[in-house]
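Below: the structure, in structure tokens.
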Amino acid sequence: MKGAPEASWQNPDICKERGMEEPVIKRVPPAQKSHLEKMRDAVAARVVLYFLSFTGFLVSFMMRTDINLAIVAMVKMPPPVTRNITSSEEPQYCFAASNMSSDNSTSELLLQDEGEFDWDPSIQSTILGSFYWCYVVSQLAGGVLVQRFGTKIVFGLSQMATAISSLLIPYAAGFHFGALILLRSIQGVASGFTWPAMYAMIGVWIPPAERSRFMSSFQGFTIGIGLSYPLCGFIIAHYGWRVVFYVTGSLGLSWCILWWFLAFDTPQEHPRITKQELAYIQKCTRNIAVDSKSVSVPYWSILTSLPAWAIGVTTFGRIWVHYTFMIPGPLYMKTVLGFSIQKNGLLNGAPFLLSYFSSVIFCYIADILVTRNWFSLTAVRKIFTALSQVVPGFLLLSIGYFGCEISAVLVAWFVAVIFVTAAYAGAMANIVDIAPNFAGPVLAFAQTIHMSASFIAPLVAGFILKNDTTLEQWRKVFGISSVVAVGTYVMYQVFGTSEVQSWNYSRNITSQETEHEPLKRDKSSPGTDVTDV
């Protein structure tokens, strides 16, 4: 798999500059190995972890994204605003310019996917936002739970709760929208644990030189989003919206089974890892990884850290843009562009599928720029953060002014979504840089800030579009998103850094201890002083 760390897992040279002794490993001749041992040696445990991380985020985001398109088919959409415009004026609905000859036909097109629930825009916004309100609240709790119980339990149980809730959504929607809001809230709480949990695995499993590439596994979420939209569009068109939730919930439960049997919190606990790979991981990470049970999280230092705030604030802008595409996006494609439910799903999903591959490329380039000393790590983080926010910000603004030039709109839409993923070689990777021993709690702190954009952005869009879904109103939605994206990047440019913060080492940890003690069981945060890479 491109982007996975299989290429360098047996190469100990990467860690030689750290001044550590080579591990003495008794190698068994290949002829004396069993078939299972040969298979085990052929596939590194870290590659399996990459696969689990990738697929875990994939199914997680399918379960949280499916309703964004499904709700378009679930509810009765409001009729378009009618205006008397002259032939010289710009049309407010693109399909009206080419497909419509009367107001009746306009209504007929918009109502072709008419739903069964008469929920007004405020109820719809509450349903879509309820996931993210609770998701934000659970971020800090996720960091604490990971410190206490480890990634395997926290990530596994959170996925299971999300999957069961998905299976129950069709029944809840038929009963009352309040029951649907409750289930979406449960999904939000459970899903809030996933990011701190996976960050907490990186430090003890992934050597420094592979971390940017391994973080491309987190982009499984883009594949999940990209698959969810066209899959949901197809299912809704042929089988109805209820089947959408049965499919995504079943996928979530199936993944939980794989996770339970294949995931382990530390390399030492893995029953099938080779001695060579275990020694390599320990040699590359033991100078920074510590036992989480022996230290306390420096919460006050995190709360007062400007670099931590810079990460949280700048990614707030990125999330705002990202969720403008994810949540109001399908509504724009229906009410302004006039796309059918299947075309809507395909065009919303395709850029997210492409963005996975772009994330692998961005992370790979970032590794090269750092390891070859072409740029400092801080400079690399700022460059890729700018690519993930400033470029999409201006492209999003241009979408509104492209009007009914559908080809230009779609090109700008695709490129913007693709560039958003550069953040995983930028500010998101920066979390591990500044606090390798506490990246889980720092991520929880940053996500508490930036994930608030996931429900604020749709609420702002819903307020602007409540009584008027014309192109003119959509320009306001896109304009605000552009200002937020570019404006929040300024703080990262000023205060962002890759330097490990002094509070990364608590009072009972010294640099000597972390340099010479062997790697212990670590359920805390990932990371390393990647400035040494």
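The values are calculated or read from the model by the stated rules, or taken from the named source; none is laboratory data. All values derive from a computational prediction rather than experimental measurement. Cβ placement follows ideal geometry from the backbone for every residue including glycine, while neighbour counts extend to all protein chains displayed. In case anyone asks, the SASA skips ligands and DNA or RNA and just uses the protein heavy atoms, side chains included. Shrake-Rupley method; radii C 1.70, N 1.55, O 1.52, S 1.80 Å.
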*asked:* Once you place label points 7 Å from the Cα toward the Cβ at E269 and L157, how far apart are they in nm?
replied: 1.3 nm
*asked:* Assuming 0.36 nm per residue, please report the length gained on full extension of the stretch A408 to V137 beyond their Cα-Cα distance.
replied: 93.7 nm
*asked:* With θ taken as phi - 60° and the coefficients 6.51, -1.76 and 1.60, list the Karplus ³J(HN,Hα) couplings across the range 146-159 in order, rounded to whole Hz; mark glycine and proline as x.
replied: 5, 4, 8, 10, x, 5, 4, 6, 5, 5, x, 5, 5, 5
*Volume of the Cα convex hull of the range 318-432, divided per residue and given in Å³*: 96 Å³
*Can you pull the percent of the range 331-454's accessible area that's carbon plus sulfur, 1.4 Å probe, other chains left in place?*
74 percent
_Quick query: amide H of F117 versus all other amide H atoms, modeled in the peptide plane; which residues come in under 5 Å with a sequence gap of 5 or more or a different chain?_
V75, K76
*Listed here are the pairs K275/K382; K152/K382; K152/K283; K343/K466; which of them are more than 30 Å apart at the Cα?*
K275/K382; K152/K382
*asked:* Applying a 10 Å radius around every beta-carbon, put 195-203, 326-334 in order of their mean neighbour count, most first.
replied: 195-203, 326-334
*asked:* Counting only other residues whose beta carbon sits under 13 Å from that of V390, what net charge do I get with K and R as +1, D and E as -1?
replied: +2
*asked:* If I model a spin label at N373 and V490 as a point 7 Å from the Cα along the Cα→Cβ vector, what separation in nanometres do I get?
replied: 3.6 nm
*Output the relative contact order of the range 330-424, whole-number percent, from Cα pairs under 8 angstrom with separation of 6+ residues.*
38 percent
